[in-house]
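The values are calculated or read from the model by the stated rules, or taken from the named source; none is laboratory data. What you see is a predicted model; the values in this text were computed from it and never measured. Here the Cβ positions follow ideal geometry from the backbone for every residue, glycine too, while neighbour counts run over all protein chains shown. Heavy atoms of the whole protein, side chains included, go into the accessibility calculation; ligands, DNA and RNA do not. Shrake-Rupley method; radii C 1.70, N 1.55, O 1.52, S 1.80 Å.
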Amino acid sequence: MKNIKTGGGVRAQQKERTRRTLIDAAFNQLNAEQGFASLSLREVAREAGIAATSFYRHFRDMDELGLAMVDESGLTLRQLLRQARKRIEKGGSVLRTSVTTFIEFIDKNPKVFLLLLREKAGTSAAFRSAIAREIQHFIVELVDYLDNANQMPHHYNEAQAEAMVTIAFNAGAEAIDFDTAQRQKLIEDLIFQLRMVSRGAYYLYHKEQIKKDSH
């Protein structure tokens, strides 16, 4: 019985490794010209070094593979925000630390952004919904940070977070193709834009508070 259990464990590990290889193979094939929708099962299997028929032991179809990639990308995004929080706790500018961490992440994980940013309008409703859900998770974590970092009501922080994420993700899409000098300029521009959003939210909130107090 012990040998049977051991054998089952080895097979499970091998299956997980092959599943991981398929996900990596699909990410490897993403580029500016080729999005997920244009990937074929045979190309992904070939890149992974397995027979096309073996693909179905791990995923029902390409859509299920794509959803696994989106889940992984979303987890990576949330880890990014947590990493930025740890850096902020050690001191330094909140916006500069956050933006620098964000751009560094894109530099190291460009294909995660190729998936999330350029596949939002994909043909699969499940795929589009999954991407929107992962981006929303990222917004929720930012709202949680803002709720603890300032004295404004939750709905102000929610609107501010949505605006910030939209601006940052649009900038991130450009950063994928930028060289070092262009990215540095992008960092400064992005910090300025996010500072405007932050100060605008603060100004609007206090202006409305003054109106309430005057009545």
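On the chain, 52 percent of the accessible area sits on carbon and sulfur atoms, based on a 1.4 Å probe. Rounded to the nearest 0.05, the FRET efficiency derived from the C-beta distance between E43 and A125 at R0 = 25 Å is 0.60. Got the relative contact order for the chain handy, in percent, Cα pairs under 8 Å and 6 or more residues apart? It rounds to 19 percent for the chain.
Taking the chain as a Gaussian network, Cα atoms linked when under 10 Å apart, which of A171, A45, A12 shows the biggest mean-square fluctuation? Sorting by GNM fluctuation, first place goes to A12. Counting lysine pairs in the stretch 81-157 whose alpha carbons fall under 24 angstrom apart, excluding pairs fewer than 8 residues apart on the same chain, gives 4. Computed over the chain with a Gaussian network model linking Cα atoms closer than 10 Å, the most mobile of L39, L194, L80 is L39. The separation of the stretch 12-39 from the stretch 123-153, counted between C-alpha centres, amounts to 25 Å.
Accessible surface for the chain, divided over its residues, is 59 Å² per residue with a 1.4 Å probe. Once the C-beta distance of A51 and H137 is scaled by a Förster radius of 45 Å, the resulting FRET efficiency is 0.80 to the nearest 0.05.
Using bins of 10 Å that start at zero, the share of Cα-Cα pairs per bin across the stretch 128-176 amounts to 26, 47, 23, 3, in whole %.
Solvent-free Debye calculation, one equal scatterer per alpha-carbon of the stretch 164-215: log10 I(q)/I(0) at 0.20, 0.21, 0.22, 0.24 Å⁻¹ equals -0.70, -0.74, -0.78, -0.86.
Taking the convex hull of the alpha carbon positions in the stretch 68-149 and averaging its projected area over all directions gives 5.4 nm². Helix content alone sets the calculated 222 nm mean residue ellipticity of the chain: runs of n ≥ 4 DSSP H residues at -39500 (n - 2.57) each, divided across all residues, give -27500 deg cm²/dmol. A Cβ-based charge dipole, computed about the Cα centre of the chain with Lys and Arg at +1 and Asp and Glu at -1, lands at about 780 debye. Using the empirical formula 2.2 N^0.38 Å as the baseline, the Cα radius of gyration of the stretch 1-144 reaches a ratio of 1.24. Net length available on complete extension from A12 to E208 is 64.7 nm, with 0.36 nm assigned per residue and the Cα-Cα distance removed. Look at where the Cα atoms of the stretch 88-109 and of the stretch 155-196 average out, and the two centres are 11 Å apart. Prolate is the label for the stretch 74-215. Its Cα gyration tensor axes, ordered a ≥ b ≥ c, give a/c of at least 1.5 and a/b above b/c.
Structure remark: mean-square fluctuation, Gaussian network model of the chain, C-alpha springs under 10 Å; the largest value among V44, V94, V165 belongs to V94.
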